[in-house]
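Take a look at the structure below.
Throughout, read-outs are computed from the coordinates displayed, never taken from laboratory work. Everything numeric here is computed off the predicted structure, so don't read it as measured data. Note that each Cβ is placed from the backbone with ideal geometry, even for glycine, and that neighbours are counted across all protein chains shown.
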Amino acid sequence: MSRTFSLQDPGEGIHEAEVAEVLVAEGDSVEEDDSVMVVTTDKADSELPSPFAGTVETVHVSVGDIVEVGDPLVTFDGDEDGEEPAERDEEDEGESDEGEEDQETDGEEEEDPEDEADRRSTSGEPSAAPVPASPSTRRLARELDIDISAVDGSGPGGRVLADDVRKAAEGGRPDAEGAEKKDEKRKKKKEKKEKKEKRAKEAEEPEEEQPQEQPTEPRRREEPGGAQPLRGWRRATARRVAESWQTIPHVTHMDRADITGLETFRAERAPDLTMTAFVVKAAIGALSEHPRFNATFRDDELEVRPDCHVGVAVDTERGLVVPVLADADRRSLREIGDELEQLGERARSGSLERDDVSGGTFTVTNVGPLGGTAFTPIIVPPQVAILGLARAAPTPVVTDDGEIVVRTMLPICLAFDHRINDGADAARFVSTIVALLEDPDELLMRS
Amino acid sequence: MAERTMIEAIRLALHEAMTEDDSVVVLGEDVGVDGGVFRATEGLHEEFGPWRVFDSPLAEAVIVGASVGMAIAGARPVCELQFSGFSYLGFHQLEEHAARMRWRSRGRFSVPMVVRMPYGAGVRALEHHSESKEVIFAHVPGLTTVIPSGPRSARALLAAAIRSPDPVVFLEPKSIYRSFREEVPDEPEVGDLRSARRVREGDDITLVAWGAMVRRTQEAADELADDGIECDVIDLRTVSPLDESSIVESAQRTGRVAIVHEAHRSFGPAGEIIARLVEQAFWQLEAPIARVTGYDVHVPYFAREQAYLPDGDRIAEAIRATVEEPS
């Protein structure tokens, strides 16, 4: 019997992955637990070990494909009697013309597995066992006059679902009720439930979509290179920031910290520690005083977190990634610096795992080394705030005495979820960070 | 109306039947002076006297065989076997004579008798005291096999069993003899030995259970309702003859079915129920039919007894898996 290895649910609400690398080819022999594929989910790459030993019959995916949970990846060792979704997929390729299929089944009152097999063998196609489908779906297909063996199954193991049959029947007889009714009822119920959950999730988002502007085609000087779908990390980032921006009412509070003293201290005592490490340390100190910024918010429930895990944005060749410094509140400044360096290296070498990029309770992003005077960072859901740092620069500052002096000023931009905190809370939180950065002795006193 | 335990409800049904019909007699081991091992016949000996309520030798073949003879002669014996695990000694009389007499005599003689016996696990008992082998009786033509799921159904079904013109095996789930109370009406109530009863309505899945498993199944259904899964729960009540129309009607509506029983899985009652559904509701089925059952081992001693029995988690898991199956 052929056995098909499908994408399993990796949990945590992830329902699809992108194929980053295919490690086997058709005809390869594979041991159980050999890696057959690398997939990317949430910017972490995972190797998928084979659950079977055997010879690779079909590889169903190629690099760059987006696969959903349940989609077949690799089929092993086929016997001819094994009906596999793979075979059907291949057969169906190129003959998706429904008219043709309809003609083929014309005149057949009922599907008969034997006739079916005969028909296939005479036409040179491999003979096939019945396609997987529940009895109720078979009945629906018969009522809608659909040849179920010609329907592409979207269910687990290539199972033909009632929806697949209905899709195949589209344009056919729209008045076939019966079985449809109940399925619709169930669907409606499900939709209702989902809607309810969604409503709980998105606080009062208006039902109507924003009127879209008429899209205009950009001018082109030359032949276009062709639009490409987003792939890989770019795609993950695109989806994540869009979701954040659409659901979280962001407000960015901006301030500056005088880090002249801190820079002197750093040059003298710890030239190897980055400014990010000091700011992470200051943020942790401030979070312990303003815990509502160290929190997660989902399904209308705010959880102020007793533990603190700080995500730190890293720019890599493949794009932005945010590894998480776990238990940041239990680490010394030195440990924070070392850990950040390691996470940064692993981010750049692409060896982060999913655990390394999840579970953050607060995030710091520093674009300072590249420039900028201020920016509005985007919160990483379900967190409720993100601290952005722009470039620290010698700046003329008016002192309390009215004198103008040159100080090294670090621009700080805190984006926060206004559903959870108000502007005054943010101002107080940022003031604490600024105070800690301006007083290195106090900063180092913080646990 | 009064709240009664199942054992009190059974005693009530016996008392009512004996008061109403002088031909009703009660026999069995220790059912007379001692009032029965589970006290089901307590007080009946004093009230109705030694000619109507009497102790038997410790011999199931005699208890059942004597009852067959009395029934043919015009009495309505209600005999008690102390545990279903010892009923096999009387099985010969039950299968070869009680169940066949109407057929054998071409309707000239009938055998209006009831064989009561406690069955099932859950009371931390010894070997031979915990089995659930209703299929042995259900497999025999000519026998009606009844299993109540609580005080009210026990009273009404036992009343109907005693009034039945043919032999009835009345299996009493001993784990719920005293585990909960229920309103049992004071006025006589006679049940129906031909129909199952819907104890919860829902559209998403049909659950079939009987005896002590009804309550566990209902609890699982309550829990799943919080997640939006609405279960149609059917209490079978009479295992044989099976009320297939109730089950088929429900399955045709929901398209999904799970069956819960504490009997062993292989060749267990669920197999027959599934066969009926495949015969009559096949084209409405949306998912494979699930079974939550005891395992194919002898019922373990009390330390592992609950692990043998289907529990809320196992039931809920099977329901979820069945409901979530794409179709």
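Tabulated data
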quantity: Packing rank of A:296-303, B:156-163, where each peptide gets the mean count of other beta carbons within 10 Å, highest leading; calculated: B:156-163, A:296-303
quantity: Segment B:D22-B:S179, extension gain: residue separation times 0.36 nm, minus the distance between their alpha carbons; calculated: 53.3 nm
quantity: For the stretch A:280-411, the spread of Cα positions along each principal axis, largest first, Å; calculated: 51, 36, 28
quantity: Paramagnetic label zone (point 7 Å from Cα along Cα-to-C-beta, A:S332; backbone N under 19 Å) in the stretch A:432-447; calculated: A:440-447
quantity: Interchain or long-range residues, amide H under 5 Å from A:D65's placed H; calculated: A:V19
quantity: Ascending count of other beta-carbon atoms within 10 Å, so fewest first, for A:M37, B:M101, B:M6; calculated: B:M101, A:M37, B:M6
quantity: Shielding by partners - mean other protein chain Cβ count within 10 Å, residues of B:283-292; calculated: 4
quantity: Rounded FRET efficiency, nearest 0.05, which uses the C-beta distance separating B:S110 from A:A129 and R0 of 45 Å; calculated: 0.30
quantity: Highest-first arrangement of B:27-39, B:179-191, where packing means the average Cβ count within 10 Å; calculated: B:27-39, B:179-191
quantity: 10 Å Cβ neighbours from other chains, averaged over peptide A:296-309; calculated: 0
quantity: Calculated log₁₀ intensity ratio I(q)/I(0) where the Debye formula runs over C-alpha points of the stretch B:197-324, q = 0.22 Å⁻¹; calculated: -1.33
quantity: B:D34 paired with B:D186, simple spin-label distance in nm, labels 7 Å along Cα-to-beta-carbon; calculated: 3.4 nm
quantity: Inter-part distance where the stretch B:222-271 and the stretch A:15-66 are each reduced to a Cα centre, Å; calculated: 41 Å
quantity: Estimated inter-spin distance, A:A53 and A:E341, nm [label 7 Å along Cα→Cβ]; calculated: 4.6 nm
quantity: Burial ordering of B:Y308, B:Y119, B:Y88, fewest other beta-carbon atoms within 10 Å first; calculated: B:Y88, B:Y308, B:Y119
quantity: Chain B: calculated mean residue ellipticity at 222 nm from DSSP helix runs of at least 4, using -39500 (n - 2.57); calculated: -10500 deg cm²/dmol
quantity: The stretch A:304-427, relative contact order in percent, only Cα pairs under 8 angstrom and at least six apart counted; calculated: 20 percent
quantity: Average partner coverage of A:129-138, which counts Cβ from other chains inside 10 Å; calculated: 4
quantity: Taking all pairs of distinct alpha-carbon atoms in the stretch B:2-184, Kirkwood radius in angstrom; calculated: 16.0 Å
quantity: Mean Cα-pair separation over length for the stretch A:233-445, i.e. relative contact order, pairs under 8 Å, 6 or more apart, %; calculated: 31 percent
quantity: 3J(HN,Hα) from dihedral phi, the stretch B:163-173, Karplus parametrisation 6.51/-1.76/1.60, rounded to Hz, x for glycine, proline; calculated: 7, 5, x, 10, x, 10, 8, 10, 8, 10, x
quantity: Antiparallel DSSP beta bridges within the protein assembly as shown, as percent of all bridges there, nearest 5; calculated: 60 percent
quantity: Residue order, fewest to most beta carbons within 10 Å, for A:L387, B:L277; calculated: B:L277, A:L387
quantity: Total formal charge among the other residues, if their Cβ is under 12 angstrom from that of B:R52, Lys/Arg +1 and Asp/Glu -1; calculated: -3
quantity: Estimated distance in nm for a label pair at A:R348 and B:R194, the labels positioned 7 Å out from Cα along Cα-to-Cβ; calculated: 8.5 nm
quantity: Cβ-Cβ FRET estimate between B:E47 and B:E324, R0 fixed at 51 Å, reported to 0.05; calculated: 0.35
quantity: Length added when fully stretched, A:D163-A:Q246, from 0.36 nm per residue minus Cα-Cα; calculated: 26.8 nm
quantity: Chain B, relative contact order in percent, only Cα pairs under 8 angstrom and at least six apart counted; calculated: 16 percent
quantity: Karplus-derived HN-Hα couplings along the stretch B:297-305 (A = 6.51, B = -1.76, C = 1.60, θ = phi - 60°), whole Hz, x at Gly and Pro; calculated: 9, 5, 4, x, 5, 4, 4, 10, 4
quantity: Once the Cα gyration tensor of the protein assembly as shown is diagonalised, semi-axes √(5λ) in Å; calculated: 69, 37, 23
quantity: FRET efficiency, A:D315 to A:T373 (Cβ-Cβ, R0 22 Å, nearest 0.05); calculated: 0.75
quantity: D_trans [Stokes-Einstein, Kirkwood Rh over alpha-carbon pairs] for chain B, 20 °C, 1.002 mPa s, µm² s⁻¹; calculated: 107 µm²/s
